[in-house]
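S.K.: Just passing along the structure, written as structure tokens.
Taken together, the values in this text are just the output of simple stated rules run on the coordinates, not laboratory data. Owing to the predicted nature of the structure, the values given are computational and were not obtained by experimental measurement. When we count neighbours, we look across all protein chains shown, and the Cβ atoms used for this are built from the backbone with ideal geometry, even at glycine.
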């Protein structure tokens, strides 16, 4: 593997991570703007409907992020999306632990468990186009 290939691999994972993050932050901001009463002063919610929306959104964003990662990688698409999933899950664990006592367990576990499969599905969808 040459330096250009390594940098492209890193760039692919970073592109996927950035895609997921921008989509996630945007949808959270939109939800707070649309239903402000469902959020407290710190921007947290205990609304089952909003938490379910955020879980579904996270899966969709993971698929999109996996697709972007695979597109940027241009080769070995699925292994790149696995790398993205590992990075997202590691960071997700740290974030979820910070909010562990604030949100229900039924939210934390699926949120974390679905990051990697969503990323890989997105990469597989992109790779299968070829």
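S.K.: Could you list, in sequence order, all residues of the stretch 110-130 that are over 23 Å from residue 48 (Cα atoms) and either exposed (fewer than 13 other Cβ atoms within 10 Å of the Cβ) or in contact (Cβ under 8 Å) with a residue 60 or more places away in the chain (or both)?
M.R.: 119, 122, 125, 126, 128, 129, 130
S.K.: Another question, if that's okay. On the basis of being in contact (Cβ under 8 Å) with a residue 40 or more places away in the chain and either surrounded by 12 or more Cβ atoms within 10 Å (Cβ to Cβ) or at negative phi (or both), does residue 9 make the cut?
M.R.: yes
S.K.: Just need a number here: residues in the stretch 45-65 that are without any contact (Cβ under 8 Å) to a residue 40 or more places away in the chain, assigned to a helix (DSSP H, G or I) and touching a helix residue (DSSP H, G or I) at 6+ places or on another chain (Cβ under 6 Å).
M.R.: 2
S.K.: Collect the residues in the stretch 97-109 that are surrounded by fewer than 16 Cβ atoms within 10 Å (Cβ to Cβ) and either in contact (Cβ under 8 Å) with a residue 12 or more places away in the chain or not in a loop (DSSP other than H, G, I, E, B) (or both), keeping them in residue-number order.
M.R.: Passing the criteria: 97, 98, 99, 102, 104, 105, 106, 109.
S.K.: Ok, one more. Failed condition for residue 85, given (1) within 30 Å of residue 128 (Cβ to Cβ); (2) without any contact (Cβ under 8 Å) to a residue 60 or more places away in the chain; (3) over 18 Å from the mean Cα position of the chain (by Cα), with all others met?
M.R.: Condition not satisfied by residue 85: (3).
S.K.: If I go through the stretch 22-44 residue by residue, how many of them are within 21 Å of residue 101 (Cα to Cα), without any contact (Cβ under 8 Å) to a residue 40 or more places away in the chain and not in a helix (DSSP H, G or I)?
M.R.: 5
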